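Report on the following structure.
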Amino acid sequence: MRRFSWFNATSLTLGFAFLYLPMIILIIYSFNASKLVTVWAGFSTKWYGELLRNEAFLDAAWVTIKVAVISSSIATVLGTMAAIVMVRSGRFLGRTLFSGMIYAPLVMPEVITGLSLLLLFIGIGLDRGVLTIVLAHTTFSMCYVSVVVSSRLVSFDQSLEEAALDLGCSPLQAFHLVTLPIIAPAVISGWLLAFTLSLDDLVIASFTSGPSATTLPMKIWSSVRLGVSPEINALSTIMIGIVTIGVITASLVSKSNVARQQREERAAERLSAG
Amino acid sequence: MPQDVFAPWLDPDAKPIIQFKNVTKRFGDFIAIDDLTIDIYEREFFALLGPSGCGKTTMMRMLAGFETPTEGNILLSGQDMAPVPPNKRAVNMMFQSYALFPHLSVWENIAFGLRRDGMPKDEMAARVDEMLRLTRLEKFARRKPHQISGGQRQRVALARSLAKAPKLLLLDEPLGALDKKLRQETQFELMDIQEKTGTTFVIVTHDQEEAMTVASRVAVMDHGKIVQVATPAEIYETPNSTYVADFIGDVNLIEGKAGEKEGDKLSISWAEGQPDIIGTPQTSFDKGQTIHFAIRPEKVSITHDKPTNPVAFRGKVLDIAYLGNLSTYHVELPNGQIIKAQTANNRRISRRGFTWEDKVWVSWTDTAGVLLEN
Ligand SMILES: Nc1ncnc2c1ncn2[C@@H]1O[C@H](COP(=O)(O)OP(=O)(O)O)[C@@H](O)[C@H]1O
Ligand SMILES: [Mg+2]
């Protein structure tokens with residue numbers, strides 16, 4: 001263990017304060033009784049109640065959830081398939097190009113992704129709305145899923161699938177009965193990641209949505225331009241909560257699996273030694 | 001007692017269950033299996049023996065359908081296997097890495113293949129329980145594979161491949177992780193299973209003793225080729241090359257030149273100032289041709305007094321390896337050649353006949369060794 005030093009403690013405190021103070025202030029002010037954001041007038045949950053009566057926000061919330069669930073589910077299926085192909089196919093002509101192309105959207109500026117998708121949708125004459133946001137979100141979150149799943153697949157022992165084939169499974173059954181259950185934690189993490197990415201995307205959604213569909217981040221952004229209201233604080237607090245839960249669950253799912261496996265393996269070693 | 005010896009490979013009418021016809025397997029430039037032709041017959045217990053990397057697993061994987069031959073054909077019961085996928089072959093394989101399903105319990109692992117066949121529930125339960133009993137895993141049925149020891153995992157893998165009672169069972173080093181006693185028991189268990197079910201076994205092993213115990217025939221492999229296929233006794237007594245002689249068991253190898261032939265005996269000159277070795281060749285040798293004389297340590301006698309054997313040399317005891325039931329003496333001849341002689345310890349150790357630095361005679365009969373070309 002390193003010794004305690006004032007310098008380390010101070011940098012740590014400042015760093016975390018910088019990261020989390022704004023969010024903490026936002027959360028505190030969402031419980032402010034006053035209409036004025038800058039004046040504290042006692043504790044109240046009335047803005048949460050207001051929020052529930054605000055049709056526009058509720059609509060936006062519904063759109064956001066719909067988009068997030070559908071796009072992350074499609075992205076999980078496609079991303080998993082892409083990961084399997086990339087990990088399994090071995091060498092083929094243009095492999096590096098292919099894997100590069102799967103990962104490129106990870107680093108592509110969102111503005112460019114959004115703009116190019118917008119041009120595409122206009123080009124093929126697709127009416128912008130929930131569908132186009134779903135397509136856009138699927139496109140970029142699929143890459144994240146495939147990164148998460150392929151890192152798990154790399155360590156997957158392929159003789160397990162062969163054993164399943166040997167025992168009479170068709171290739172599809174082997175995947176469904178053996179591979180999928182084993183890589184499930186990675187697939188679930190991938191889904192949660194895609195879900196949270198979709199939930200807090202503003203830029204791509206703004207480019208690809210039309211008048212019929214507004215997501216929550218878009219709604220927040222547009223209302224803040226008219227001035228910050230305590231309702232927005234309440235809404236943001238809820239979103240912070242959801243995203244936090246999502247991220248923590250994703251990491252717990254994969255961590256607890258690793259930890260359990262290690263614990264049980266140690267137990268097995270003791271057993272066989274004794 | 002007059003009993004029919006099981007030797008279908010000698011019967012020209014016997015139909016092989018497995019036929020490799022000029023099979024070559026390349027991985028890139030690397031030749032893993034090199035123009036291999038072999039027939040394996042029904043109800044055989046066929047052992048593949050060879051050093052690591054010689055292509056044993058590759059042969060198994062081609063039989064199971066996970067690799068396709070680069071050239072040549074593999075026939076199962078006379079049918080070309082090339083277009084048949086692994087799940088449609090009446091073959092089960094026990095993987096060297098076990099390949100147990102980590103998310104399923106021991107019980108479910110064993111039941112896996114039976115479920116795929118749609119076996120009725122109670123019949124399946126009975127079969128799985130029988131397999132658990134056979135491999136002594138009853139107590140571990142509910143455990144997951146990572147909750148049991150290496151040897152137990154190996155037994156689960158064995159039980160899983162046996163459960164479907166296939167016509168052909170491929171075992172890739174199936175008993176390597178078991179301790180000696182359990183290994184021997186399982187070997188007899190396997191032979192018993194074969195008696196009862198008539199399954200054909202192909203087994204890969206590192207352990208020549210195991211191959212000797214269980215196999216009807218042994219194939220010794222080297223670099224993707226089969227060097228010799230024969231019964232365990234033939235392989236041991238009449239190896240066809242120094243490679244096989246050296247690979248199976250302990251052997252003294254002496255290099256020399258063919259001398260005069262007298263009747264069916266051949267003399268071999270091998271060192272200045274030492275008498276010639278007399279041997280009985282199986283093949284003909286030209287005079288002056290290089291010969292490797294191979295003799296097993298247990299065929300070499302060691303005595304204090306000059307023996308009556310036709311081949312005898314004087315030397316001194318350099319080293320003694322005491323193995324309990326046996327002792328191996330390393331005897332150095334005056335020219336530096338070491339001869340290993342093995343004797344059974346039927347007396348207590350304190351009254352053992354020879355000790356270090358003792359002057360002794362090593363000797364053997366003129367039919368005890370084998371004469372090899374290479
Ligand atoms: N999929 C593969 N790709 C390339 N080389 C392989 C592959 N499988 C096996 N080999 C090579 O073929 C040789 C024989 O392997 P194997 O059959 O596993 O040997 P063993 O007799 O030890 O079971 C080894 O040198 C191995 O490196
Ligand atoms: Mg092997």
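Using only the alpha-carbon atoms of the protein assembly as shown, report the extent along each of the three principal axes, biggest first, to the nearest angstrom.
That gives 119, 66, 52 Å along the principal axes, largest extent first.
Run through all the Cα pairs of the stretch B:208-261 and give the fraction in each 10 Å bin from 0, expressed as whole percent.
Percent of Cα pairs in each bin: 23, 49, 21, 7, 0.
Work out how much length A:Leu252 to A:Arg91 would gain on full extension: take 0.36 nm times their residue separation and subtract the Cα-Cα distance, in nm to one decimal.
Separation in residues times 0.36 nm, less the Cα-Cα distance, equals 54.5 nm.
If you average the alpha carbon positions of the stretch B:224-249 and of the stretch B:121-138, how far apart do those two centres end up, in angstrom?
The stretch B:224-249 and the stretch B:121-138 have Cα centres separated by 39 Å.
So how tilted is helix A:110-123 from the main axis of chain A? Cα-based, degrees 0 to 90, rounded to 10.
90
When all alpha-carbon pairs of the stretch B:32-167 are counted, what percent fall beyond 21 Å?
Within the stretch B:32-167, distances greater than 21 Å cover 49 percent of Cα pairs.
I need the P(r) histogram for the stretch B:138-273: all alpha carbon pairs, bin width 5 Å from 0 out to the longest distance, whole percents.
2, 8, 15, 16, 15, 13, 9, 6, 5, 5, 3, 2, 1, 1, 0
Treat every Asp and Glu Cβ in chain A as -1 and every Lys and Arg Cβ as +1, leave all other atoms uncharged, and give the resulting dipole magnitude about the Cα centre to the nearest 20 debye. Walk me through the numbers on the way to the answer.
On the way: 18 positive and 15 negative charges, 131 e Å.
The dipole of chain A has a size of about 640 debye.
With charges set only on the Cβ (+1 for Lys and Arg, -1 for Asp and Glu), what does the dipole of the stretch B:48-127 come to about its Cα centre, in debye to the nearest 20?
Values: 8 positive and 7 negative charges, 20 e Å.
It comes to approximately 100 debye.
How many percent of Cα pairs in chain A exceed 29 Å? It would help to have the intermediate numbers written out before the result.
Details: 18820 of 37401 pairs.
Counting pairs separated by more than 29 Å, the tail of P(r) holds 50 percent.
Can you tell me what percent of all Cα-Cα pairs in the stretch A:140-256 are more than 22 Å apart?
On the way: 3558 of 6786 pairs.
That tail contains 52 percent of the Cα-Cα pairs.
Compute for chains B and A the buried accessible surface, both sides summed, probe 1.4 Å, and express it in Å² to the nearest 100. Before the final figure, lay out the partial values.
Numbers: alone 18900 and 16790 Å², together 33580 Å².
Roughly 2100 Å².
Based on alpha-carbon centroids, what's the gap between the stretch A:1-51 and the stretch B:19-85 in Å, whole number please?
Going from one Cα centre to the other spans 69 Å.
Not counting the cut sites, what is the longest span of chain B without GluC sites (Glu not before Pro) that DSSP labels loop and that have at most 15 other Cβ atoms within 10 Å? Can you show the working numbers first?
Numbers: sites that count: B:Glu272, B:Glu357, B:Glu373.
Result for the longest clean stretch: B:1-271.
Two-decimal Rg/Rh of the stretch B:213-332 from alpha-carbon positions, Kirkwood Rh?
Details: Rg = 16.3 Å, Rh = 16.4 Å.
Taking Rh as the inverse mean 1/r over Cα pairs, Rg/Rh reads 0.99.
What full-extension length gain, to one decimal in nm, is calculated for B:Leu318 and B:Lys181 as 0.36 nm per residue of separation minus the Cα-Cα distance? Show your work: numbers first, answer last.
Values: separation 137, 0.36 × 137 = 49.32 nm, distance 3.30 nm.
Extending this stretch completely gives an extra 46.0 nm.
Going by amide H atoms built from the backbone, whose H comes under 5 Å of the H on B:Asp358, apart from near neighbours?
Amide H neighbours of B:Asp358: B:Val317.
Amide H to amide H, which residues 5 or more places from B:Gly72 or on other chains are under 5 Å from it, using H placed in the peptide plane?
Those lying under 5 Å, H to H, from B:Gly72 are B:Thr24.
Given the -39500 (n - 2.57) contribution per DSSP H run of 4+ residues, what per-residue ellipticity at 222 nm results for chain A, rounded to the nearest 500 deg cm²/dmol? Mind dumping the intermediate values first?
Details: 12 runs with 208 residues, N = 274.
Helix contribution divided over all residues of chain A: -25500 deg cm²/dmol.
Hey, can you find the accessible area per residue of the protein assembly as shown for me, probe 1.4 Å, expressed in square angstrom? Can you show the working numbers first?
Numbers: 33580 Å² over 648 residues.
Heavy-atom accessible area per residue stands at 52 Å².
Hey, any idea what % of the protein assembly as shown's accessible area is carbon plus sulfur with a 1.4 Å probe? List each step's numbers first, then the result.
Values: 19890 of 33580 Å².
Looking at the protein assembly as shown in its full context, I get 59 percent from C and S.
Restricting the count to DSSP beta bridges whose residues both fall in the stretch B:2-246, what percent are antiparallel, rounded to a multiple of 5? Each step should come with its number before you reach the end.
Numbers: 20 of 38 bridges.
For the stretch B:2-246, the DSSP antiparallel bridge percentage is about 55.
From the cross-link list B:Lys139/B:Lys164; B:Lys139/B:Lys180; B:Lys88/B:Lys225; B:Lys15/B:Lys121, which pairs have alpha carbons spaced over 30 Å apart?
Working: B:Lys139/B:Lys164 22 Å; B:Lys139/B:Lys180 21 Å; B:Lys88/B:Lys225 28 Å; B:Lys15/B:Lys121 37 Å.
Beyond 30 Å between Cα atoms: B:Lys15/B:Lys121.
How much length is gained on full extension from B:Leu253 to B:Thr238, taking 0.36 nm per residue of separation minus their Cα-Cα distance?
Numbers: separation 15, 0.36 × 15 = 5.40 nm, distance 1.37 nm.
Using 0.36 nm per residue and subtracting the Cα-Cα distance, I get 4.0 nm.
Which of the trypsin sites (Lys or Arg not before Pro) found in the stretch B:286-360 are in a DSSP loop and have at most 16 neighbouring Cβ atoms, other than their own, within 10 Å? Walk me through the numbers on the way to the answer.
Details: sites: B:Lys287, B:Lys299, B:Arg314, B:Lys316, B:Lys340, B:Arg347, B:Arg348, B:Arg351, B:Arg352, B:Lys359; in loops: B:Lys287, B:Arg347, B:Arg348, B:Arg352.
Listed in order of number, the matching sites are B:Lys287, B:Arg347, B:Arg348, B:Arg352.
Can you grab the distance from the C-alpha centre of the stretch A:222-255 to the C-alpha centre of the stretch B:257-333, Å, no decimals?
Cα centres, the stretch A:222-255 to the stretch B:257-333: 88 Å.
Return an integer: the convex hull volume of the alpha-carbon atoms of chain B, in Å³ per residue. Can you show the working numbers first?
Working: hull volume 76.5 nm³, N = 374.
Hull volume over Cα atoms, normalised by residue count, gives 204 Å³.
The values are calculated or read from the model by the stated rules, or taken from the named source; none is laboratory data. What you see is a predicted model; the values in this text were computed from it and never measured. We place every Cβ from the backbone using ideal geometry, glycine too, and count neighbours over all the protein chains shown. With ligands, DNA and RNA removed, areas are computed over all heavy atoms of the protein, side chains included. Shrake-Rupley method; radii C 1.70, N 1.55, O 1.52, S 1.80 Å.
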